Amino acid sequence: MSPSVRLGLRANAAQFALLVAVNAFVGAMVGLERSTLPLIGREDFDLASSTAVLSFIVAFGLVKALTNLGAGALAERVGRRRLLIAGWAAALPVPLLIALAPNWGWVVVANVLLGVNQGLAWSMTVVMKIDLVGPRRRGFALGLNEAAGYGGVALAAGLSGLLAAELGARDVLVVAGAVVAVVAFLLSVLFVRDTGAHVALEQGLHHPRADGAAPPLRRAFAAATYRVAALRSCSQAGLVNNLNDGLAWGLVPLFLAAHGAGIAQVGLVAAVYPGVWSVAQVATGAWSDAIGRKPLIVAGMLIQAAALMVLALSEGAIAVALAAAALLGLGTALVYPTLIAAMSDAVSPVSRAPIVGVYRFWRDMGYALGALIAGLAADALGFGGAIALVAGLTAGSGVWVLLDMPSAGVPDRRPAADLAQTGAGIASTAGSPASDAIQP
């Protein structure tokens, strides 16, 4: 192995910073739609049903979830960088499809490709950053990663809302989307380097008895879905987190518009939520390194539930909606980087990509479920009733983590037994949340 390969944030600062920038572009692709696309569905395509409007999120969520699963399984064989480039190649036709769309079906197809982009590109930037920094500052690294991604979401959502008020929502979405996709594709092709050597180095240093083989997908899927308490609790929390994020993306703009909000006001609310989420994640990720993962996850889910209930009772008042969006962003910041860090704590380096891929599969299934639940509930109960329903589901998820996730202190970084040696599809890190839950 090359002596120039080292683990750590400082040793890999240039590549880490580049991946932060790339992930900001990943977030921007989604942010452009947050304040514009639900309204485009109503105004340009005359969609009356909330379920029909939110069909683009269902397609996006399903495809992104399945792509996450495939990306995790393929990362060791194909390489992280190649999958990242493929993700951006999938994004290139998205603006063109929306620009030329004669009906809503074309928009749904564009969001299928956007799901592929997000599944490949975001998954690989997450895994590559974890590869670079090693085990000691994992929470901080993930906080920076998610801060960049959701900073891109917030900035794009806010600016697109403001510009759409003057220039037209569809035009803004198409032009900005094309610029983001092309720039990010070129950055990935020309400057990003693969992190496979960093994985091998960490595996050799911290898991020397391992054979270096990644687990098969079926074993990783079982471990992260139901076999291991530390992992299944994270997977369900991730699913519910994105369930309420799907509601915030697709239903909140319609809820506010129904109460008289203009597109610029909708864009402001759409930007505050991921904006607070983005900034706060830098601190919450590092905080989870210091005090452990579980307290932040439980608190974050309960804060999200409270924020959604405030929004449900707001009757569309912009000041209240802004406060609820900020509170929702804070709760999500406590949860989002911490969940991936908790998953990564419990597995060996070669097992990381498939296990995180399974987690991200369940997490992003939340978009599809959230859009379906929110759309059906809004048609049956009204917007406020749908938001209150999701608030209850979010509170229940926080209680699940409280009762199911094994309690642990600060994540320990001593070497762990490799996944392949346990036969369960996961490795136990001493003192990690999974340490009392791993069974062969």
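Brief remarks follow.
- Test: residue in the stretch 119-126 that is surrounded by fewer than 22 Cβ atoms within 10 Å (Cβ to Cβ) and either free of Cβ contacts under 8 Å to residues at least 60 places away in the same chain or in contact with a Phe, Trp or Tyr (Cβ under 6 Å, 6 or more places away or on another chain) (or both): no
- Checking each residue in the stretch 273-294 for being more than 20 Å from the chain's Cα centre (by Cα) and surrounded by fewer than 20 Cβ atoms within 10 Å (Cβ to Cβ) picks out A290, I291.
- Pick from the stretch 256-270, criterion surrounded by fewer than 22 Cβ atoms within 10 Å (Cβ to Cβ) and at pLDDT below 85, ranking: nearest to F383 (Cα to Cα): G262
- Taken over the stretch 222-234, the criterion of being surrounded by 23 or more Cβ atoms within 10 Å (Cβ to Cβ) and part of a helix (DSSP H, G or I) is satisfied by A223, A224, A230, L231, S233, C234.
- Subset of the stretch 163-173 (residues that are modelled with pLDDT of 85 or more and surrounded by fewer than 24 Cβ atoms within 10 Å (Cβ to Cβ)): L163, R170, D171, V172
- Complete set of residues in the stretch 300-328 that are among the small types (G, A, S) and touching a Ser or Thr at 6+ places or on another chain (Cβ under 8 Å): G300, A305, A321, A324
- Which listed residue is part of a helix (DSSP H, G or I), modelled with pLDDT under 95 and over 21 Å from A333 (Cα atoms), from L155, L142, L132: L132
- The residues on offer are V172, V108, and the sole one that is free of Cβ contacts under 8 Å to residues at least 60 places away in the same chain and within 27 Å of L62 (Cβ to Cβ) is V108.
- When residues of the stretch 370-424 are limited to those that are in a helix (DSSP H, G or I), β-branched (V, I, T) and closer than 28 Å to G134 by Cα, the one modelled with the lowest pLDDT: T422
- Verdict on S314 being closer than 30 Å to M128 by Cα and at pLDDT below 95: no
- Test set (1) at positive phi; (2) of a type in the set (D, E, K, R); (3) in contact with a Phe, Trp or Tyr (Cβ under 7 Å, 6 or more places away or on another chain) - D289 fails condition number: (1)
- Residue count for the stretch 44-57 satisfying the condition of being among the acidic types (D, E) and in contact with a Lys or Arg (Cβ under 9 Å, 6 or more places away or on another chain): 1.
- Positions within the stretch 233-272 being out of contact with any Phe, Trp or Tyr (no Cβ under 9 Å at 6 or more places or on another chain) and either within 17 Å of V30 (Cβ to Cβ) or free of Cβ contacts under 8 Å to residues at least 40 places away in the same chain (or both), in sequence order: N244, L247, P253, V266, G267, V269, A271, V272
- L239 vs. criteria in contact with a helix residue (DSSP H, G or I) (Cβ under 7 Å, 6 or more places away or on another chain) and over 15 Å from S35 (Cβ atoms): yes
- Test set (1) touching a helix residue (DSSP H, G or I) at 6+ places or on another chain (Cβ under 8 Å); (2) under 30 Å from A395 (Cα atoms); (3) not polar (S, T, N, Q) - V192 fails condition number: (2)
- Scanning the stretch 329-347 for residues that are of a type in the set (G, A, S) and either on the phi > 0 side of the Ramachandran plot or out of contact with any Pro (no Cβ under 9 Å at 6 or more places or on another chain) (or both) yields a count of 2.
The values are calculated or read from the model by the stated rules, or taken from the named source; none is laboratory data. Worth saying up front: this structure is predicted, and the values here are computed from it rather than measured. Here the Cβ is made from the backbone with ideal geometry for all residues, glycine too, and neighbour counts use every protein chain on show.
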